[in-house]
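Asks: I have a structure here, written as structure tokens, and I will follow up with some questions on it.
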Amino acid sequence: MSGSMQGHAVALAAVAAAGVVLAAGEGTVPAVVAFGSGVRVLQAHGVRRPPEDLLSDLVALRGHGTTDLAAGLRAAAAQLAGAVADERLVVLLSDCLHTAGDDPASALGGIDRLQVLVPLGGADAEAAASALAARRGGRSQTVRRLEEVGPALTRVLA
């Protein structure tokens with residue numbers, strides 16, 4: 001989840017992240033990484049936290065400052081490094097407008113497929129998200145309302 005997002009966009013991203021965790025099922029425990037000027041692992045891959053604690057951390061996120069999208073992607077790839085999987089999938093919840101750090105395209109190593117949900121959208125965000133997702137065989141989708149999150153997750157996780 002990107003640090004530059006605020007208000008409703010953060011709420012959309014928090015709901016989407018919770019949806020990914022809940023959809024994972026018994027045998028899979030996905031990582032949840034928040035990033036802005038720094039990176040914070042809210043749930044490490046393979047280490048299940050109590051759902052109420054994770055949800056509390058997700059809804060407490062506040063967007064501010066700069067966004068080092070490359071650092072967030074590297075942290076996601078590091079979480080996936082030890083995973084036993086046919087495909088290392090990242091669902092990125094971000095406007096993809098990096099304001100700090102390296103070019104995000106340089107940080108895609110270790111990620112097989114990148115799907116992006118863009119809270120609230122906007123022409124620049126949608127273009128950046130689409131280009132980044134395409135580099136790893138994924139696509140981007142804009143979500144503007146809470147009721148759009150579930151169907152968008154179903155499409156990207158299918």
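Asks: Starting at the first residue of region 83-89, write each ³J(HN,Hα) from the Karplus equation 6.51 cos²θ - 1.76 cosθ + 1.60 with θ = phi - 60°, in whole Hz, x for Gly and Pro.
Replies: 6, 9, 7, 6, 9, 8, 9
Asks: Further, regarding this structure: What is the antiparallel percent of DSSP beta bridges lying wholly in the chain, to the nearest 5?
Replies: 30 percent
Asks: From the phi angles alone, apply the Karplus equation (6.51, -1.76, 1.60; θ = phi - 60°) to region 145-157 and give each ³J(HN,Hα) in whole Hz, x where the residue is Gly or Pro.
Replies: Ordered by residue, 3J(HN,Hα) equals 10, 4, 5, 8, 5, x, x, 5, 5, 4, 5, 7, 8 Hz.
Asks: When only C-alpha pairs under 8 Å and at least 6 residues apart count, what is the relative contact order of the chain, in percent?
Replies: Here the relative contact order equals 23 percent.
Asks: For the charge dipole of region 77-158, defined by +1 on Lys and Arg C-beta atoms and -1 on Asp and Glu C-beta atoms about the Cα centroid, which residue among 158, 93, 130 has the Cα displaced farthest towards the positive pole?
Replies: Highest projection toward the positive end goes to 158.
Asks: Something else now. To the nearest 0.05, how large is the calculated FRET efficiency for residue 86 and residue 59 if R₀ is 35 Å and r is the Cβ-Cβ distance?
Replies: 0.60
Asks: Pull up all non-local amide H partners of residue 144: gap of 5 or more, or a different chain, and H-to-H distance under 5 Å with H placed in the peptide plane.
Replies: 120
Asks: Over the chain, how many percent of alpha carbon pairs lie in each 10 Å bin up to the one with the longest distance?
Replies: Calculated P(r), rounded to whole percents: 12, 46, 38, 4.
Asks: Moving on to the next point. Give a residue-ordered list of calculated ³J(HN,Hα) values for region 137-143 (Karplus: 6.51 cos²θ - 1.76 cosθ + 1.60, θ = phi - 60°; whole Hz; x for Gly, Pro).
Replies: Here the 3J(HN,Hα) series is x, x, 9, 10, 9, 8, 10 Hz.
Asks: Between residue 88 and residues 5 or more places away or on another chain, which pairs have amide H atoms under 5 Å apart, with H built 1.01 Å from N, and which residues are they?
Replies: When sequence neighbours closer than 5 places are left aside, the close amide H contacts are 112, 113.
Asks: Take the Cα pairs of region 104-158, get the Kirkwood Rh, then feed it into Stokes-Einstein at 20 °C and 1.002 mPa s and tell me D in µm²/s.
Replies: Stokes-Einstein gives a translational diffusion coefficient of 186 µm²/s.
Asks: Return the long-range amide H neighbours of residue 42 (sequence gap of 5 or more, or a different chain), with a cut-off of under 5 Å between placed amide H atoms.
Replies: 32, 33, 34
Asks: Run the numbers for residue 123 and residue 23: contour at 0.36 nm per residue of separation, minus the present Cα-Cα distance, in nm.
Replies: Full extension from residue 123 to residue 23 adds 33.0 nm.
Bear in mind that the values in this text are calculations on the coordinates, not laboratory data. Here the structure is a predicted model, which means the values were calculated and not measured. FYI the Cβ positions are ideal-geometry reconstructions off the backbone, even for glycines, and counts take in every protein chain you see.
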